[in-house]
Amino acid sequence: MTQIVEIPLWLFVLILLFAAVTALSHFLLPSVRWFFRRRLERAVKKLNTRLTRPIEPFKLARRYDMIQRLIYDPEVTRAIVNHAERNNVPENVAFEKARRYAREIVPSFSALAYFGFAIRIARWLGNTFYDVRTGPENDERLAKLSPDATVIFAMNHRSNMDYVLVTYLAARASALSYAVGEWARVWPLTRLIKSMGAYFIRRKARGALYRRVLARYVQMATEGGVTQAVFPEGGLSLNGRLMPPKMGLLSYILEGFDPNEGRDVMFVPVAINYDRVLEDRVLIAANERGDRKFGGKVSVVFKFVVHRTWQRFRGKKFQFGTAAVTFGEPVSLRDYTTTPDAESLATDLMTRIEDVMPVVVVPLLARALLAGDLACDDTSLQTVLDAQLSASTVKTSIVPPNELIAVANHALGQLAEREIVELKDGFWSILPNNRSVLTFYASSIAHYYRGEEGAEGTE
């Protein structure tokens, strides 16, 4: 016996949609995903032939699989049980907390996004804002790295442009994985940064469960041969000097390192310096307040980039001077010591960074201006700059001698445009309330003048 059943049109449409989704998920989408995954695998295989350090399978693993592997790791499991006991909560509650941490930390690396988008953007931004220069021994020091070792670039942290510069300069070697702080956990940066292979960390987190999940991820990535970049200082320098190192990530790496088994770990010290740090006034203000509450906003940065991009399209060149990157002597954990200590390793790395800190023109000019007014003619400039270099322990200036005066005049023009200095009666002098800005830049090379009594900010 049949009977006609009437249903509303909207319900009929909804049933059809559910049926379509079910068909796609069971029949079509798996095939589509398989098709694109095969194409991606072939593309990555071809890309790896061009890279000095091929992308390791660990980095290409599916994010879901990586999360599962992390939360079921024996050490994480023990941390879950301990957390449940200490806090008197069910183990399933502690397990879900660990899963949230893992989802927060584990990236979703996309080779297409990294090499097809990020590298191009990094190259464009670096060359748009700066005259990018590298140390003469950079290639030689990279060539010393063992092809089987996990490489970790240990960098000083001057600006958020550090990420851009090192990503761009390391593009021929491999894809870098960064530890990124809370500042980038805003839409739409979160998804974009995760697709670049970066992982988020809570710098102020003290919970044992969170630290264990983070530690195991870092150790797994290191064991898997993932090329990484870390900032031993932990955050941006507020006063221009190198800051004391923090042990967090370094201690995790050392904790998981076995000198007798697995890969060696090689640290590459990286020193970065600028003629202009884009966030300089924000950092100086935070230092004067005695906190790390930066006033910068993503919207302001976006507006700044758009404005400068528009200027460039109109044919206006506006580079902020030199941005320089130099590599120090690599450190092999296997050769370093049988029982590496995080504090001694961190101190050694910061010393190696200090030793190769590139000397750019603005810090030299800042020292001269802090000592007194500076004559504007080329002969006087040459004399002052030569004296600054002679008084230092600098082995190699990043700017060739034949370019020094031209670069210095451009730098002084930039400082005048920012109303930091003024030209009056043939002499450059510091405008009121701007000594702190020049001290910030002079401090970046102050270690080359230790023991010298002289300009403010050089002690």
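Quick note: the coordinates plus some simple rules give every number you see, no bench work behind them. Not measured: the values here are computed from a predicted model. For neighbour counting, all protein chains shown are included, and Cβ atoms are generated from backbone atoms with ideal geometry for every residue, glycine included.
Okay, here's what the table says:
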quantity	calculated
14 Å Cα-Cα reach of LYS194 towards aspartates and glutamates, excluding residues that sit fewer than 8 places from it in its own chain	GLU104, GLU182
At R0 = 45 Å, FRET efficiency that the Cβ-Cβ distance of THR190 and ASN260 yields, to 0.05	0.70
Which of THR383, VAL421, ALA442, positive extreme of dipole for region 361-449 (C-beta unit charges)	ALA442
Nearest-0.05 FRET efficiency for MET247 and GLU91, computed from C-beta distance (R0 30 Å)	0.50
Potential extension, LEU51-PHE318 segment - 0.36 nm per residue separation minus Cα distance	92.9 nm
Mean projection area, nm², convex hull over Cα of region 103-355	13.9 nm²
Check: region 103-355 dipole with +1 on Lys, Arg Cβ and -1 on Asp, Glu Cβ, in debye	1720 debye
Estimated D of region 361-449 in µm² per second, where Rh is the Kirkwood radius over Cα pairs and Stokes-Einstein applies at 20 °C, 1.002 mPa s	163 µm²/s
Computed P(r) (all Cα pairs; region 122-235; 10 Å bins; percent)	11, 41, 36, 11, 1
Residues LYS246, LYS395, sorted so that the one with the fewest Cβ neighbours within 10 Å comes first	LYS395, LYS246
Euclidean distance of C-alpha centroids, region 65-107 and region 121-174, integer Å	35 Å
FRET E, pair LYS424, GLU288, Förster distance 35 Å, beta-carbon r, rounded to 0.05	0.80
Region 361-449, relative contact order in percent, only Cα pairs under 8 angstrom and at least six apart counted	47 percent
Given charges at beta-carbon only (K, R positive; D, E negative), |dipole| of region 173-260 in Debye	460 debye
Nonlocal amide H pairs with PHE200, under 5 Å, H built at 1.01 Å	VAL180
Debye, to nearest 20: dipole size of region 361-449, +1 on Lys, Arg Cβ, -1 on Asp, Glu Cβ	380 debye
Spherically averaged projected area of region 84-158 from its Cα convex hull (nm²)	9.7 nm²
Packing-based order for 358-366, 97-105, using average beta carbon neighbours within 10 Å, highest first	358-366, 97-105
Across LYS246/LYS293; LYS293/LYS395; LYS45/LYS97; LYS246/LYS395, pairs whose alpha-carbon gap is larger than 26 Å	LYS293/LYS395; LYS45/LYS97; LYS246/LYS395
